[in-house]
């Protein structure tokens, strides 16, 4: 997150539209249920799967968890495709989420990131 200051009103610069939604999706995936005070169910259990075997079954479980989380908590998007591919060389899962933004006439958006186990 950037802490750049708007030179006109000296307030922090906000993110809008596509960038805000992409950040929201990423935050949903990386937030663990119970981490948010007033919404203890918000988030995904993806982190729990990162210490399992690096294989296609774990990738499928992560993919389903991402789909469920986004469907339940982000009404601004319509999911088109979620891919979760094991990256054996880097001990990670490469995730690609393709989605449409509801109510805005823009091309389908893509969000890509890697999920790695960390302690």
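Filtered by the rule that a residue be at pLDDT 95 or above and under 24 Å from residue 41 (Cα atoms), the stretch 99-111 gives 99, 111. Scanning the stretch 47-65 for residues that are modelled with pLDDT of 95 or more, within 11 Å of residue 115 (Cβ to Cβ) and in contact with a helix residue (DSSP H, G or I) (Cβ under 6 Å, 6 or more places away or on another chain) returns 58, 62, 65. Yes or no: the stretch 18-41 includes at least one residue that is surrounded by fewer than 15 Cβ atoms within 10 Å (Cβ to Cβ), part of a helix (DSSP H, G or I) and touching a helix residue (DSSP H, G or I) at 6+ places or on another chain (Cβ under 8 Å). Yes, the conditions are met somewhere in the stretch 18-41. Across the stretch 75-84, which residue is nearest to residue 51 (Cα to Cα) among those that are touching a residue at least 24 places away in the same chain (Cβ under 8 Å) and loosely packed, with under 13 Cβ neighbours inside 10 Å? So, considering only residues that are touching a residue at least 24 places away in the same chain (Cβ under 8 Å) and loosely packed, with under 13 Cβ neighbours inside 10 Å, the one nearest to residue 51 (Cα to Cα) is 80. When 96, 63 are screened for being assigned to a strand (DSSP E or B) and touching a strand residue (DSSP E or B) at 6+ places or on another chain (Cβ under 6 Å), only 96 passes. Annotation: of all residues in the stretch 85-108 being buried (at least 17 other Cβ atoms within 10 Å of the Cβ) and over 12 Å from the mean Cα position of the chain (by Cα), the one that is nearest to residue 19 (Cα to Cα) is 101.
Residues that are assigned to a strand (DSSP E or B) and touching a helix residue (DSSP H, G or I) at 6+ places or on another chain (Cβ under 7 Å) occur in the stretch 68-81; there is at least one.
The values are calculated or read from the model by the stated rules, or taken from the named source; none is laboratory data. These numbers come from a predicted model, not from an experiment. With ideal geometry, Cβ positions are generated from the backbone for all residues, glycine too; neighbour counts draw on all protein chains shown.
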